[in-house]
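Working notes, beginning with the structure itself.
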Amino acid sequence: MELSDLLLNEAINKGLCRPWQENWKGDMDSLMSMYKRGIDFCIEHDYPSLDIIRRYLKGKTEDYNIYVDSDSEATVYADTVVVLGDSKMKIWIADYGVVSLYLLHNSEVLIFCGPHSKISVETYNDSVVKVRRTTNVSVYRYDNSIVEGDNVKIYNRERNAT
């Protein structure tokens, strides 16, 4: 079974709506775009599972700013960034950058950002985010995640019941 078919079948089993099923495309660009646009569904349903991500996607998603078990550094100007698994990263957000960052599993991320950056971070599971040099960062904290940093607006949230 191809990766696209595996992902589509798993998504349908988790309740993927008909319009997304009908617009499904199997190439990597489309899959990564759909993952980021549908990140709320993916987080809510643990989709795709970390095991599937590790088996089929690890090392193939960095160009899309999706990091799996990564020990790396990245510079981001404007995008959605997803950090998964056991990643330990440093992320630089360019001044005037606008970034949405999602941390899941056991990921640890140290963020450096310019004074005019606008950053929204959602932390899940046991992830850790540390923010340095910031003036405009909002963190939405779920589960057992840890948030550290000065001038960070932290909002503790509960997940939706599934």
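What follows is calculated from the coordinates using simple rules that are stated; it is not laboratory data. This is a predicted model, so every value here is computed, not measured. Counting neighbours? That spans all protein chains shown, and the Cβs are built from the backbone with ideal geometry, glycine included.
Of note:
- For peptides 54-62, 18-26, 117-125, sequence by mean Cβ density within 10 Å, most packed first: 117-125, 54-62, 18-26
- Angle in degrees between helix 3-13 and the longest Cα principal axis of the chain, rounded to the nearest 10: 90 degrees
- FRET E, pair Lys90, Ser120, Förster distance 25 Å, beta-carbon r, rounded to 0.05: 0.85
- Maximal additional length on extending the Asn151-Asp40 stretch stands at 37.3 nm, based on 0.36 nm per residue less the C-alpha distance.
- The calculated 222 nm mean residue ellipticity attributable to helices in the chain amounts to -5500 deg cm²/dmol, summing -39500 (n - 2.57) over DSSP H runs of n ≥ 4 and dividing by all residues.
- Shape of the range 62-156, Cα gyration tensor, a/c cut at 1.5: oblate
- Compared with the alpha-carbon gap, the fully stretched path from Asp63 to Asn144 is longer by 26.3 nm at 0.36 nm per residue.
- Pairs of Lys residues in the chain, spaced 8 or more positions apart or belonging to different chains, with C-alpha separations under 21 angstrom: 21 in total.
- Among [x] 51, 33, 30; [y] 69, 53, 42; [z] 47, 32, 27, the entry that matches Cα extents along the principal axes in Å as calculated here: [z]
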